[in-house]
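Asker: Mind having a look at this structure? Questions to follow.
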Amino acid sequence: MKRRFSRQGAGPDVALVADLVAAIGRDRVRNDSAERALLRRDASVFDDGVAGPVCFPGSTADVQAVVRTALRHGRAVVPRGAGTGLAGGAIPLGAPVVVSLTRMNRILDMDNDARVVWVEPGVVNLDLTKHLQPLGFHFAPDPSSQQVCTLGGNVANNSGGPHCLAYGITNAHIIAIEVVLPDGEVALLGGLEAEPPGYDLRGAFVGGEGTLGIATRIAARITPTAPAVRTLLMSFAEVRHAANTVSAVIAAGIVPAAMEVMDQRITQAVENYVHAGYPTDAAAVLLAEVDGLADGVDIDAQAIAQIGREQGATEVRLARDDTERMLLWTGRKTAVGAIAQIAPDYYLHDTVVPRAKLADVLAQTYEIAERHGLIVMNVFHAGDGNLHPLLLFDAREPGVVERVHVAGGEIVKASLDAGGVLSGEHGIGVEKQAYMTLLFTDDDLDHQNRLRKSFDPDCKANPGKVLPSGHSCADIQMLTAVPKGMWV
Amino acid sequence: MTAPPLAADPVLAAFAEEVGATDAVAVEGARTRWAVGGAVADGTRLVKAPTGIVRHEAEEMIVCVRAGTPVAELAATLAQRGQRCALPDHGGTVGGAIAAGENDLLVLGCGTLRASVLEVRYVSAEGRLIRGGGPTVKNVTGFDLPRIMVGALGTLGLIAEVILRTNPLPATSLWAMATDADPFAARDALLRPAAVLWDGTHTWVNLEGHAPDVTAQLALLGTVGRFAEVQGPPPLPACRWSLAPGELRHLHAQQLGGFVASVGVGLVHAERPQPSRALPPTVAALSARVKSNFDPTGRLNPGRNPGAR
């Protein structure tokens, strides 16, 4: 007899797995140790998750069946896209049923009058834009992980990206969402109409980090692609000059499509492998892009170049053509990958500060890193004041991880002291829960929890995330414990 | 650092005290949207939100403003430094505009009101001062309380103060009108019109941006119809219909009376009111949970219901 390999495994949760298989089919449920181990992490440094059975639904009805089955077994549910999140939002705590939406990856109807496309949550961000490009449109939010991250993940994290400066973050580009609520009911939040009646539950759902339900169909706004683009590369002898240029551009009444800064260390690492012609001798480079109609982009590009020179730019270069422009963007978007040349591990932070404080807080990141014997690199969405300090380290060095966490905490506090916020686009997840009390009072957090509870009264949707222990329905300590009878 | 408590601001503290924690209370602006979503229940005590512009930081593209401030006053202050915001000026207050959640006629140019509210400071049903969101344009720090307060008609909390995103005023802005143009084709021909309006016969467009771009776009419209510059938009009938943009292709004048439709948006200004639409049961149940969690005794703006508009 031919022996069949069982993807359901023979481990724990036999009754739960049997019910899940009965609900959505054998090929959509996995419970083997490899799958569970794989999905206990995301792209963050946190690795203490414990996954339960893993489901790959193919439809809204499948998702609903999984949620209801998990509920019957008293288990929580954690949705998951591509797992590129950096704050630990997709890490399963307490062996929940993991719902991977990657097989729900169809681009559905397009409505030209509303300029909306309906997609399933597993559609990859860049795939959507590639699909829309021949039609003259694109999906504006463009996180650096856009080659792999999914629309469902973008919705869960209210993701950003370089071009959110002019076009706005994900919330502004999602106008309706079909959701399987934590109790298994299906609801359509928002709508294509101009001003849908009722509370803006759609707006509240975006950025919910999987704690408010699971998006199963998403109406994404599509943006006409501007016919003219100008991309400027400016070099500066001091990081401060680049930061000041960003403030001066905004103060002059120009809102570029994007303004990105890379410091010298990251520029050198990037140039080593993309060969985009980035100047490696500059302390910082500023990538500024304007898009629109031909005359206007020239007016704005000239004004930005002039402001850069006034702020001390040592070189101002206009990308000659689309090829050079794409190369410059490839360098920026793959910057984080380039650091592997320098150190095997990194911790990427994400805070926002008022633009006018950029230079001061940047200076503090260098000072903090040096004091802790770490290397810091800065590559960030300068136009939004969205900092991304990268702390580089080698995890094999004893005690270094602790130093990275302490230094990271100091960077977060420096950002808050400057009047900033905890996260611009990565979310809170498990990474920044403890810092929430630095920004919000108990009453503020109580109201955030009231919003969460409205969607998830029984605390079954991605428990243990966002709100700190004591302010949420779930006790995080309990969730990290391995359930009885569990093997990992 | 712990953020300074809102109660340290005597103006906000006084408003919270006035709202109190026990009886039925409604916030009164300029009453320009007083009947939207139902009338305030009889016997409800009325309060007014504080007024004044706290600070406008043009280089950060934000303004912090008290909710009782007239939208016109805010617009004038922003314009002094070459900026605007997404709030429509119907003669009302900032808090009223946010509670009503309606977009400006130029929404395609200035953005949606929902997306422009970065931080809200409101008084809860328990009389506590609550802060949600943050002062930066990009912010994903926790659950998004500003979103749920926009358009809530004051039924979840009474807005005291907000931080709004501002934007530069366009260098040029002009209205043009044609009587022989397909409004949908006009919209498709333009890159970023601020408005395309249609009354069944006339098509108006608002173009904004750098002067040469506006001139080029106006020339481009020549392929769609004979557009000529006009002083402004047409007078707008009083009732607002909220439709999907595709539905504008099939408007029935008998239902609407005279109308001016916003193409690409789906909003229709009409003589007759839009019939009330019931929320689907699951959405209604979720909305009821939101209401009871934020206002367990139902004391905030009783009688008003954002789902019944």
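The values are calculated or read from the model by the stated rules, or taken from the named source; none is laboratory data. These figures come from a predicted structure and were not determined experimentally. We place every Cβ from the backbone using ideal geometry, glycine too, and count neighbours over all the protein chains shown. All accessible areas refer to the heavy atoms of the entire protein, side chains included, with ligands and DNA or RNA removed. Shrake-Rupley method; radii C 1.70, N 1.55, O 1.52, S 1.80 Å.
Asker: To the nearest 10 degrees, how steep is helix A:294-310 against the longest Cα principal axis of chain A, on a 0 to 90 scale?
Answerer: 70 degrees
Asker: Return the average number of partner chain Cβ atoms within 10 angstrom of each residue Cβ along peptide A:56-68.
Answerer: Average per residue, whole number: 0.
Asker: Residue A:280 to residue A:38: extension gain in nm, 0.36 nm per residue of separation minus the Cα-Cα distance?
Answerer: 83.3 nm
Asker: How do A:419-428, A:453-462 rank on mean C-beta neighbours within 10 Å, highest first?
Answerer: Top to bottom by mean Cβ count within 10 Å: A:419-428, A:453-462.
Asker: Determine which residues of segment A:115-155 fall in the zone a paramagnetic label at residue A:273 would reach in this model, i.e. backbone nitrogen under 17 Å from the point 7 Å along Cα→Cβ.
Answerer: Only A:144-148 fall inside the zone, counting backbone N under 17 Å.
Asker: Report the calculated FRET efficiency for residue B:211 and residue A:135 (r = Cβ-Cβ distance, R0 = 35 Å), to the nearest 0.05.
Answerer: The calculated FRET efficiency here is 0.70.
Asker: Using only the alpha carbons of chain B, determine the length spanned along each of the three principal axes and report them from longest to shortest in whole angstroms.
Answerer: Projected onto its principal axes, the Cα set of chain B covers 61, 46, 31 Å.
Asker: Now, a different point. Rolling a 1.4 angstrom probe over the protein heavy atoms, how many square angstrom per residue are accessible across segment A:102-186?
Answerer: I get 31 Å² per residue for this part.
Asker: Leaving out ligands and nucleic acids, and using a 1.4 Å probe, what accessible area per residue does chain B come to in Å²?
Answerer: I get 38 Å² per residue for this part.
Asker: Could you work out how far apart the two model spin labels at residue A:446 and residue A:395 are, taking each label as a point 7 Å from the Cα in the direction of the beta carbon, and quote it in nm?
Answerer: Placing both labels 7 Å along Cα→Cβ, they lie 4.0 nm apart.
Asker: At 222 nm, what value in deg cm²/dmol follows for chain A if DSSP H runs of at least 4 each add -39500 (n - 2.57) and the sum is divided by all its residues, to the nearest 500?
Answerer: It comes out at -10000 deg cm²/dmol, rounded to the nearest 500.
Asker: Run the accessible area of segment B:172-270 with a 1.4 Å probe and give the carbon-and-sulfur part as a rounded percent.
Answerer: C and S atoms contribute 56 percent here.
Asker: For segment A:48-111, give the magnitude of the charge dipole about the Cα centre (Cβ charges: +1 Lys/Arg, -1 Asp/Glu; no others), in debye to the nearest 20.
Answerer: Dipole magnitude for segment A:48-111 comes out near 240 debye.
Asker: Would you mind checking segment B:99-142 for residues with the amide N under 16 Å from a putative spin-label position 7 Å along Cα→C-beta of residue B:54?
Answerer: Within reach of a label on residue B:54, which here means backbone N under 16 Å from a point 7 Å along Cα→Cβ, segment B:99-142 contributes B:117-124, B:128-137.
Asker: To continue, here is another question. Enumerate the calculated ³J(HN,Hα) couplings along segment B:160-167 in order (Karplus 6.51 cos²θ - 1.76 cosθ + 1.60, θ = phi - 60°), each rounded to whole Hz, writing x wherever the residue is Gly or Pro.
Answerer: Using θ = phi - 60°, the values come out as 9, 7, 9, 10, 10, 6, 10, 9 Hz.
Asker: Identify the trypsin sites (Lys or Arg not before Pro) of segment A:396-440 meeting these criteria: DSSP loop state and at most 14 other C-beta atoms within 10 Å of the C-beta.
Answerer: Answer in residue order: A:396.
Asker: Leaving out ligands, DNA and RNA, and with a 1.4 Å probe, what % of the accessible surface on segment A:343-452 is carbon or sulfur?
Answerer: Roughly 54 percent, rounded to a whole number.
Asker: Here's another thing I want to ask about it. Am I reading the B/A interface right? What is its buried accessible area, both sides, 1.4 Å probe, to the nearest 100 Å²?
Answerer: Heavy-atom accessible area buried at this interface is about 6800 Å².
Asker: Could I ask something else about it? Below 30 Å, Cα to Cα, which lysines can residue A:357 reach? Residues fewer than 8 away in the same chain don't count.
Answerer: Excluding near neighbours in sequence, the set is A:333, A:413, A:432, A:465, B:138.
Asker: Starting from the 7 Å offset along Cα-to-Cβ, what nm value, one decimal, do you get for the label separation of residue B:253 and residue A:15?
Answerer: Inter-label distance under the simple model: 6.8 nm.
Asker: Sticking with this one: Within the accessible area of segment A:14-100, what % is carbon and sulfur when the probe is 1.4 Å and the other protein chains stay in place?
Answerer: The computed percentage sits at 51.
Asker: Tell me the net charge near residue B:137. Cut-off is 13 Å between Cβ atoms, residue B:137 excluded, with +1 for each Lys or Arg and -1 for each Asp or Glu.
Answerer: The answer is -3.
Asker: DSSP loop (so not H, G, I, E, B), at most 12 other Cβ within 10 Å: list which trypsin sites (Lys or Arg not before Pro) in segment A:273-329 pass both filters.
Answerer: A:320
Asker: Based on the mean of other beta carbon atoms within 10 Å per residue, what is the order of A:345-352, A:35-42, A:382-389, most packed first?
Answerer: In decreasing order of mean packing, A:345-352, A:35-42, A:382-389 become A:382-389, A:345-352, A:35-42.
Asker: To the nearest 500 deg cm²/dmol, what mean residue ellipticity at 222 nm is calculated for chain B from DSSP H runs of n ≥ 4 alone, each contributing -39,500 (n - 2.57), summed and divided by the residues?
Answerer: One gets -6500 deg cm²/dmol as the mean residue ellipticity at 222 nm.
Asker: For the full complex of protein chains and a 1.4 angstrom probe, list A:200, A:281, A:291, A:417 by accessible area with the highest value first.
Answerer: Largest accessible area first, the list is A:281, A:417, A:291, A:200.
Asker: With the Cα gyration tensor of the protein assembly as shown giving a ≥ b ≥ c as the square roots of its eigenvalues, does the rule (a/c under 1.5 for rounded; else a/b larger than b/c for prolate; else oblate) give rounded, prolate or oblate?
Answerer: rounded
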